[in-house]
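Visitor: This is the structure, below, for whatever I ask next.
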Amino acid sequence: MSKKYVVLGGGGSFGVHTSDYLLKNANPAKVIAVGRHSEKPGPFTLNVGKGDPRYAYHSFHITYELDALMELLDKERPEIIINYAAQGEGAVSWKNSWRFYETNALAIAKMTEEMMKRDYLERWIQIGTSELYGSVMEPSKEDAPLQPSSPYAASKVAGDLHLLSISKILKFPMNIIRPSNAYCPGQLLHRVIPRAVVCGLTGQKLPLQGGGRAKKSYIHARDLARAIYLVSEKAPLGTVYNAGPQLPISIRELVEKTADALEMPFDQLCAITEDRLGQDGQYWLDSSAIKKDVGWEPQISLEEGLKEMVEWGQTYLEELKEWPQTYTLRA
């Protein structure tokens, strides 16, 4: 039977790619994206859902407009809710840190308590983060100690622990997916890959923090969307899954690969700057559980994904040249 899906945080790039994946692969009755702002312009929406009667976009703030959002959900009665909505920039979470708890923990508690009064929800899928494991020397399993090193990561821990508690005691139907760093066409320019692409295409220098020593794991948002769909269809309720590639990569090597995709020298692309406050040394996930339970592993190589990022940058360069490359914290 065709299902209705709601994608909270549906105005962000990962939400856009998840909506697109569901429309193309899930045979949905409807995909309803919910973002806190009006839809962004074409370089960031990629025109996903345009002209498709199965797609709708609504602008509601999950923290401040929960009543209006619940009216929409009660009208649509979605079986699956996917929650990307979060304050999601660890580097700036040291200031006004309460905003991160407000969205990443308190809003989840309020909304899930409302959803427990409804009979139509089959599954809530929470999109977590690999940052809550902190800096590690070996791949983290889902039961590894949680060692957040920023208010952002701590707020995501709080949200996950709340969901785990209501799942265990109140049988709230949920799963948590903790992905590695995702990237994709349409991603805002304060992230390293899209910023590197736009800098390379416009002759600017990418500031490479700390020389790019930190190691992180990267997957394409389309691979993440496939993980979400497989979990929604096959996973036992209440389980937590990591979703990432087998090995991490240093930010320097990532930028080197981006320079290769741009067909330009690494030294021409970037300039070394000071490291960011609280930068973790290495994020690395053990994703064997999601492979065992639902058959997921990444399919899009970094080289293939970076080529796609350069093509996106070339397609929308005139608009992207005018877009800000820094992050601004908003409520």
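Visitor: What does the charge count around Gly42 come to, taking other residues whose C-beta lies under 15 Å from its C-beta (Lys +1, Arg +1, Asp -1, Glu -1)?
Guide: Residues near Gly42 contribute -3 overall.
Visitor: How much of the accessible area of the chain, probe 1.4 Å, is carbon plus sulfur, in whole percent?
Guide: 50 percent
Visitor: Moving on. Please list, in chain and number order, the residues 5+ apart from Leu285 or on another chain whose amide H is under 5 Å from its amide H, with Hs placed from the backbone.
Guide: Distant-sequence amide H within range of Leu285: Ser140.
Visitor: Accessible area per residue, 1.4 Å probe, Å², for region 18-115: what's the number?
Guide: Result: 44 Å² of accessible area for each residue.
Visitor: Sticking with this structure for a sec: Given the DSSP H assignment, sum -39500 (n - 2.57) over each helix run of at least 4 residues in the chain and divide by its residue total; what's the result at 222 nm in deg cm²/dmol, nearest 500?
Guide: -11000 deg cm²/dmol
Visitor: Follow-up. Can you check what the net charge comes to around Met116, using other residues whose Cβ is under 12 Å from the Cβ of Met116 (Lys, Arg +1; Asp, Glu -1)?
Guide: With Lys, Arg at +1 and Asp, Glu at -1, the net is +1.
Visitor: Stick to Cα atoms and the Kirkwood definition of Rh, then tell me Rg/Rh for the chain.
Guide: My calculation of the ratio gives 0.94.
Visitor: Met264 versus Gln147, label points 7 Å from Cα toward the beta carbon: distance in nm?
Guide: 3.8 nm
Visitor: What list of whole percents do you get for P(r) of region 158-261, with Cα-Cα distances grouped in 5 Å bins up to the one holding the largest distance?
Guide: P(r) for region 158-261, in whole percents per bin: 2, 11, 17, 18, 15, 12, 10, 8, 5, 2, 1, 0.
Visitor: In whole Å, how far is the Cα centre of region 171-192 from that of region 26-103?
Guide: 13 Å
Visitor: So for the chain: antiparallel DSSP bridges make up what percent, rounded to the nearest 5?
Guide: In the chain, DSSP labels about 5 percent of beta bridges as antiparallel.
Visitor: Spelling out what I want: for every residue of region 171-178, take phi, set θ = phi - 60°, compute 6.51 cos²θ - 1.76 cosθ + 1.60 (Karplus), and round to whole Hz; glycine and proline get x.
Guide: 6, 5, x, 9, 9, 10, 10, 9
Visitor: Another question about this same structure. Please pull out the direction-averaged projected area of region 7-106, using the convex hull of its alpha-carbon atoms, in nm² to one decimal place.
Guide: Projected area, direction-averaged: 7.0 nm².
Visitor: If the cut-off is 18 Å between C-alpha atoms, which lysines fall inside it for Lys4, apart from same-chain ones fewer than 8 positions away?
Guide: By straight Cα distance, Lys4 reaches Lys24, Lys30, Lys50, Lys75, Lys234.
Visitor: Still on this model: Would you kindly state the longest site-free stretch of the chain, with sites defined as trypsin sites (Lys or Arg not before Pro) in a DSSP loop (not H, G, I, E, B) surrounded by at most 15 other Cβ atoms within 10 Å?
Guide: Counting at most 15 other Cβ atoms within 10 Å as exposed, the longest clean stretch of the chain is 214-275.
Visitor: Right, here's the next one. Extension gain Leu247-Gln299, at 0.36 nm per residue separation less the Cα-Cα distance, in nm?
Guide: 17.3 nm
Visitor: Next up: Taking amide hydrogens as modeled 1.01 Å from N in the peptide plane, which residues meet the under 5 Å criterion relative to Tyr55, leaving out close sequence neighbours?
Guide: It is Val31, by chain and number.
Visitor: Next question. Across region 239-248, in residue order, what do the Karplus-derived ³J(HN,Hα) couplings come to in whole Hz, using 6.51 cos²θ - 1.76 cosθ + 1.60 with θ = phi - 60° and x for Gly and Pro?
Guide: Result, ordered by residue: 8, 10, 10, 7, 9, x, x, 5, 10, x Hz.
Visitor: Filter the GluC sites (Glu not before Pro) in region 44-132 down to the DSSP loop ones having no more than 16 other Cβ atoms within 10 Å, then list what survives.
Guide: Glu65, Glu89, Glu122
The values are calculated or read from the model by the stated rules, or taken from the named source; none is laboratory data. Computed from a predicted structure; not experimentally measured. Please note: Cβ atoms are built from the backbone with ideal geometry, for glycine as well, and neighbour counts cover all protein chains shown. Ligands, DNA and RNA are excluded from the accessible area calculation, which covers all protein heavy atoms including side chains. Shrake-Rupley method; radii C 1.70, N 1.55, O 1.52, S 1.80 Å.
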